[in-house]
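Working notes, structure below.
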Amino acid sequence: MKSSGFDQARLGRVADFADRYVAEGKVAGVQVQVAHEGKVALRHTVGLADIDAGLPLRDDAIFRLYSMTKPVTSIALMQLYEQGLVLLEDPVSRYIPEFADVRVWAGGTVMDPRTRPCIVPMKVHDVLRHTSGLTYGFLNQHAVDALYRADGLGDFVLPELSLAEAMKLLAAKPLLFEPGTAWNYSVSTDVCGRIVEVISGQPLDEYFDEHILGPLGMRDTGFSVPPEKADRFVSNYLHVPGSGVIRVDPHDQSTYAQPPAFLSGGGGLVGTTDDYQRFCDMLLAGGALDGRRVIGRRTLEYMTLNHLPGGRLLNEMGQSLFSETVMEGMGFGLGFSVMVDPAANGAISSVGEFAWGGAASTAFFVDPVERVTAIFMTQFMPSSYYPIRRLLRSTVYQALF
């Protein structure tokens, strides 16, 4: 049977994959949705929201989006670009003065770092595409990561600081490399969030509500879970080597119950599959949904090009040992990974597909060629533990007519 571009019997393999992961105890629960031309072809919910309490995963469950926040923040910053309020070549220090005198790691140790002056200024382009020289504290790859952790920066527990206060601490840390010379997954998108605040004069949550979430009708997306929606929130789980899977941030004792001080544009949002579908529908439709334009068509087309210097790929540019995507064959745009070479990536995908994922193994992709979107929601860390995103692509694409 043909429905919405898919062979429905073959599309059932997506649900089978989700069922298998739950039945084998790999994840507590999964919600997966596949759409073609904005019409849902598959919606499947299986498993539990909380194992200890035996709570079934609800159809309207609220998940931690983590880094699936990044595309939202990137759209926000590019909205300001469209208004002539910021240029990609602008130095970040034009909006956050503390970044005027950043330095670059030159050796030494955590206790005795050696640094040198930064020759090339960090640009807005760099923080949108993660070529800024910034890093994440949780990566545990470099001494600079440890310097971040000492101040509670770039970790899964948000600092009790405003974005403005955090930027002062961040700018005082050395960069891993000269901006524009390598790619490293980082707090860059939090810097983007602060730039949005400075230019707009609004806190990031208010800006999102007015210019993205509100216009798109994403009513269950925000930086916290209000009391009246708390029973829909899903517990998060973490694989600990030698100890198995443990529950972290339980649904009924969550840090997300209160609005955070730090409005993380890089990873702070929670939301539902239905809400993120509306965001994906807008992206697939070229920047507008239900007659409301969020971003210009040409702007979005530009954002989903490969912006890495010289047209290189992530594995050719990468400083990171960690990424929310397989780096071979993959470029990076302004807030999204961009498929450049499906063969090198090992994925039956389309050139130009753009995507990203979150730390709790959530994922989405948008394929403008096949007119397909897919969203995978679960709450399991680390996201690199299982090949969920690769399995999502293979099971979705094989079902297309």
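The values are calculated or read from the model by the stated rules, or taken from the named source; none is laboratory data. A quick note: this is a predicted structure, and the numbers were derived from the prediction, not measured. Please note: Cβ atoms are built from the backbone with ideal geometry, for glycine as well, and neighbour counts cover all protein chains shown. Remember, those area values only see protein heavy atoms, side chains included, never the ligands or the DNA or RNA. Shrake-Rupley method; radii C 1.70, N 1.55, O 1.52, S 1.80 Å.
A few remarks follow.
- Each residue in segment 1-47 was checked for being surrounded by fewer than 18 Cβ atoms within 10 Å (Cβ to Cβ), touching a strand residue (DSSP E or B) at 6+ places or on another chain (Cβ under 8 Å) and part of a strand (DSSP E or B), and 5 pass.
- For segment 96-117, the criterion of a residue being touching a strand residue (DSSP E or B) at 6+ places or on another chain (Cβ under 9 Å), of a type in the set (Ser, Thr, Tyr) and in contact (Cβ under 8 Å) with a residue 24 or more places away in the chain is satisfied by at least one position.
- Set Asp209, Asp145, Asp155: member being free of Cβ contacts under 8 Å to residues at least 40 places away in the same chain, surrounded by fewer than 23 Cβ atoms within 10 Å (Cβ to Cβ), assigned to a loop (DSSP other than H, G, I, E, B) and not aliphatic (A, V, I, L, M): Asp155
- In the condition set (1) hydroxyl-bearing (Ser, Thr, Tyr); (2) farther than 19 Å from Tyr276 by Cβ; (3) over 25 Å from the mean Cα position of the chain (by Cα), Ser4 is compliant with all but (2).
- In the condition set (1) touching a His at 6+ places or on another chain (Cβ under 6 Å); (2) under 20 Å from Thr73 (Cβ atoms), Ser235 is compliant with all but (2).
- Cβ-Cβ distances below 8 Å connect the following pairs, each with a first residue in segment 48-69 that is part of a strand (DSSP E or B), a second residue that is of a type in the set (Lys, Arg) and open to solvent by 10 Å² or more (accessible area, probe 1.4 Å), and a separation of six or more residues or different chains: Ala49/Arg58; Asp50/Arg247; Ile62/Lys229; Ile62/Arg232.
- Set Tyr302, Tyr276: member being modelled with pLDDT of 95 or more, open to solvent by 20 Å² or more (accessible area, probe 1.4 Å) and under 23 Å from Gly193 (Cβ atoms): Tyr302
- Selection of helices (runs of 4 or more DSSP H) fully inside segment 300-401 by the criterion of at least 1 residues being closer than 30 Å to Leu87 by Cβ and of a type in the set (D, E, K, R) returns 314-317.
- Restricting segment 72-117 to residues that are hydrophobic (A, V, I, L, M, F, W, C) and open to solvent by 30 Å² or more (accessible area, probe 1.4 Å), the residue that is farthest from Ile199 (Cα to Cα): Met111
- Test: residue in segment 109-122 that is farther than 30 Å from Val22 by Cβ and assigned to a helix (DSSP H, G or I): no
- Residues in segment 328-362 that are free of Cβ contacts under 8 Å to residues at least 24 places away in the same chain and farther than 19 Å from Ser74 by Cβ: Glu328, Gly329, Pro342, Ala343, Asn345, Ser350, Val351.
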